[in-house]
Amino acid sequence: MTERTRLLLVDDDAAITVPLASFLERSGYAVSVAGDGHEGLQEVARTRPDLVVSDVLMPRMDGREFVRRLRESEPWLPVILLTQVGESWERSAALDEGADDYLNKPFDPQELLSRVRAVLRRATRGVPTSQRIRADELLLDRTSRRVWMGDRELDLTPKALTLLEFLMMHPQEAHSRERLLAGLWGFDFASSSRAVDHRIAELRRVLGDSAGSPRFIDTAQGLGYRFIAQVVAA
């Protein structure tokens, strides 16, 4: 019998972890639970999970500190952070702290399941948890926050760099402007904002990309944007 993929849920709210663990077990995963970040680190060492789903707001050690500590010993372990609705800075911090994806609370368990599957697919290809990732000549160092095209270092604004990192971490996936605004800008009700389009234009200009014949960033009509080049660990 094939060993089931192991998931770790880190959350202090049993009203969430009990039904969610049961749902994920029925979906084919082996699930363990920890009540906060401190217990989460112990459980990672004990069970060696393939992916961690962690809340942000918890006693003793919150999710952001948990991810920071986790990255010291497990730099490649995929993490999905559960952030609080209305706390837009938490969503941006989720990616800045080293999470591979985030999901707003309250959430549909089926959506979490889809995110888990997507992150695990990328992890299998060695992409999302690598600190240096490459697409053709384009190299992104997530730790130093630096980008190169071949031997030439590129100059990007902080938001454009964050957007590029997010797109490269989720290759071949279409992302709506609303999702990008909420996650990277912290705007919940700004679907008319052109902030995403302006940063996409900056990225295309700096990368030498073309909207009509893109190498890296494609416009998904009616959906948003996707990173179309193959991304690998560098």
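The values are calculated or read from the model by the stated rules, or taken from the named source; none is laboratory data. Everything numeric here is computed off the predicted structure, so don't read it as measured data. All Cβ positions, even for glycine, are placed from backbone atoms using ideal geometry, and neighbour counts span all protein chains on display. When the accessible area is computed, the model is the full protein with side chains, heavy atoms only, and any ligands, DNA or RNA have been set aside. Shrake-Rupley method; radii C 1.70, N 1.55, O 1.52, S 1.80 Å.
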### Query
How much mean residue ellipticity at 222 nm does the chain get from its helices, if each DSSP H run of length 4 or more adds -39500 (n - 2.57) and you divide by all residues, to the nearest 500 deg cm²/dmol?
-11500 deg cm²/dmol
### Query
Helix 63-73 versus the longest principal axis of the chain: what is the Cα-based angle in degrees, 0 to 90, to the nearest 10?
80 degrees
### Query
Relative to the longest principal Cα axis of the chain, at what angle does helix 195-207 sit, 0 to 90 degrees, rounded to 10?
60 degrees
### Summary
In debye to the nearest 20, the charge dipole size for the chain, taken about the Cα centre with +1 at each Lys and Arg Cβ and -1 at each Asp and Glu Cβ, equals 640 debye
#### Entry: Distant-in-sequence amide H partners of residue 102 (H built 1.01 Å from N, under 5 Å)
81
### Message
In Å², and per residue, what accessible area does the chain have when probed at 1.4 Å with the other protein chains present?
### Response
47 Å²
### Query
Of the labelled options (i) 164; (ii) 130; (iii) 181, which one gives volume of the Cα convex hull per residue in Å³ as computed for this structure?
(ii)
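With r as the distance between the Cβ atoms of residue 151 and residue 113 and R0 = 35 Å, compute the FRET efficiency 1/(1 + (r/R0)^6) and round to 0.05. Don't skip to the answer; put the middle values down first.
Numbers: r = 42 Å, r/R0 = 1.21.
The pair residue 113/residue 151 has a calculated efficiency of 0.25.
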### Query
Relative to the present Cα-Cα distance, how much length would full extension add between residue 18 and residue 233 at 0.36 nm per residue of separation?
73.9 nm
### Message
Net charge around residue 131, counting only other residues with Cβ within less than 10 Å of its Cβ (Lys, Arg = +1; Asp, Glu = -1)?
### Response
+2
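Work out, step by step, the length gained on full extension between residue 201 and residue 4: first 0.36 nm times the residue separation, then minus their alpha carbon distance; give nm to one decimal.
Full extension from residue 201 to residue 4 adds 66.6 nm.
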### Residue (of 16, 196, 27) at the positive-pole extreme of the chain, dipole from beta-carbon charges
196
### Task
Give me the distance between the Cα centres of the stretch 1-61 and the stretch 65-83, rounded to whole Å.
13 Å
